[in-house]
Amino acid sequence: MSESIVFAPLDDGVASVTINRSATRNALSLEVMEALIDTLAEVGRRTDVRAVIVGSAGHVFSSGHDLKEIRGADLEAQQEIFDACSRLMQLIQTIPQPVIAQVQGVATAAGCQLVAACDLAVAAESARFATPGVKIGLFCSTPMVALSRAVPAKQAMRMLLTGDFVSAEDALAFGLVSDVVADDDLETGTADLARKVASASSATVAIGKAAFYEQRELPVAEAYARMSQVMAHNAVGTDAQEGIDAFLSKREPRWQHRG
């Protein structure tokens with residue numbers, strides 16, 4: 001595994017994936033993105049991990065792409081960088097485990113995109129977010145994909161057109177993050193949320209995560225038709241029947257993590 005990424009199993013089915021490039025403000029270089037892709041793909045194949053926290057070393061979550069790589073690169077090299085970024089963001093939403101961003105400092109450009117792409121995000125109250133590419137002549141077009149699906153259109157466009165920072169509280173109000181905690185509580189607050197997510201049946205959560213991203217791209221009638229099928233198949237599964245029986249019997253469920 002690359003030294004730029006640190007994988008650590010925690011407990012209760014939770015693992016952490018840490019970007020370990022504080023000297024570059026955890027910039028998403030091609031090497032870092034490819035290492036993240038490899039690590040998260042491996043996480044997706046593990047049955048002992050039911051939730052994963054994506055964080056970073058140091059005082060900055062991520063400053064976005066490594067501009068030193070982009071400066072002077074030819075079209076082929078540029079395409080390789082942005083294709084890797086797109087693969088990373090899509091992978092986050094296709095692995096079965098919920099991915100939770102743990103955000104301190106600033107998350108800018110592709111770093112903000114990474115937050116938006118995660119299923120949940122916990123931000124320290126001092127954290128700030130921006131998509132400032134417009135200020136250097138490089139519009140945040142790939143970050144826009146994740147941002148515009150997490151944040152209402154007018155707020156997304158304001159961030160993209162001005163490059164201004166938004167606070168953690170504003171990010172919470174917009175829907176860019178799911179939780180804001182005191183700076184000193186960031187690690188424990190994120191871990192508590194991850195453990196809560198991991199306490200459910202991993203089979204049920206995987207069904208729900210995949211269904212969420214599938215249905216939101218469908219017209220309403222088609223979404224209902226498809227989700228009716230998904231829920232019917234879920235309902236006859238091992239863990240759904242166990243959970244229903246446990247609820248009706250007033251006992252704790254004993255998950256087998258099987259659909």
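The values are calculated or read from the model by the stated rules, or taken from the named source; none is laboratory data. All values reported here derive from a predicted model rather than from experimental measurement. A quick note on method: Cβ atoms are made from the backbone with ideal geometry, for glycine too, and the neighbour counts reach across all protein chains shown.
The sole residue among V52, V43, V60, V32 that is of a type outside the set (S, T, N, Q), in the same structural domain as C118 (by TED's automatic domain parsing) and part of a loop (DSSP other than H, G, I, E, B) is V60. Let me confirm something: among A107, A123, which residue is in contact with a Phe, Trp or Tyr (Cβ under 7 Å, 6 or more places away or on another chain) and more than 22 Å from Q215 (Cα to Cα)? Only one candidate passes the filter, namely A107.
When you look at A116, is it in contact with a Lys or Arg (Cβ under 9 Å, 6 or more places away or on another chain), assigned by TED's automatic domain parsing to the domain that holds T188 and in a helix (DSSP H, G or I), yes or no? Taking the combined requirement at face value, the residue satisfies it. Among the residues of the stretch 5-46, none is identified as hydroxyl-bearing (S, T, Y) and either at positive phi or at pLDDT below 95 (or both). Taken together, the residues in the stretch 134-176 that are among the charged types (D, E, K, R) and in contact with a Gly (Cβ under 8 Å, 6 or more places away or on another chain) amount to 1. Listed by first and then second residue, the pairs with beta-carbon distance under 7 Å, at least 6 apart or on different chains, first residue in the stretch 143-162 and within 19 Å of S86 (Cβ to Cβ) and assigned by TED's automatic domain parsing to the domain that holds A130, second hydroxyl-bearing (S, T, Y) and in a helix (DSSP H, G or I), are A156/S148. Number of residues in the stretch 50-83 that are of a type in the set (D, E) and either touching a helix residue (DSSP H, G or I) at 6+ places or on another chain (Cβ under 6 Å) or more than 29 Å from K209 (Cβ to Cβ) (or both) equals 4.
Looking at V60, V99, V54, just one residue is buried (at least 16 other Cβ atoms within 10 Å of the Cβ) and touching a Lys or Arg at 6+ places or on another chain (Cβ under 8 Å), and that residue is V60. Against the test of being of a type in the set (A, V, I, L, M), within 15 Å of the chain's Cα centre (by Cα) and surrounded by 15 or more Cβ atoms within 10 Å (Cβ to Cβ), the options A191, A203, A211 yield a single qualifying residue, A191. Restricting attention to the stretch 207-259, the residues that are over 25 Å from Q90 (Cβ atoms), among the β-branched types (V, I, T) and touching a residue at least 12 places away in the same chain (Cβ under 8 Å) total 1.
Going by what's in this entry, would V177 be described as in a loop (DSSP other than H, G, I, E, B) and closer than 18 Å to V52 by Cα? Criteria met by V177.
Within the stretch 133-140, the presence of at least one residue that is crowded, with 16+ Cβ neighbours inside 10 Å and out of contact with any strand residue (DSSP E or B) (no Cβ under 7 Å at 6 or more places or on another chain) is confirmed.
Evaluating P96 against the criteria (1) of a type outside the set (A, V, I, L, M); (2) outside any loop (DSSP other than H, G, I, E, B); (3) touching a residue at least 40 places away in the same chain (Cβ under 8 Å) leaves one unmet condition, (2). Within the stretch 143-161, the set of residues being part of a helix (DSSP H, G or I) and either farther than 13 Å from V115 by Cα or among the acidic types (D, E) (or both) comprises A153, K154, Q155, A156, M157, R158, M159, L160, L161. Working only within the stretch 41-91, note down all residues that are under 16 Å from A206 (Cα atoms) and over 18 Å from the mean Cα position of the chain (by Cα). Across the stretch 41-91, the qualifying residues are T47, D48.
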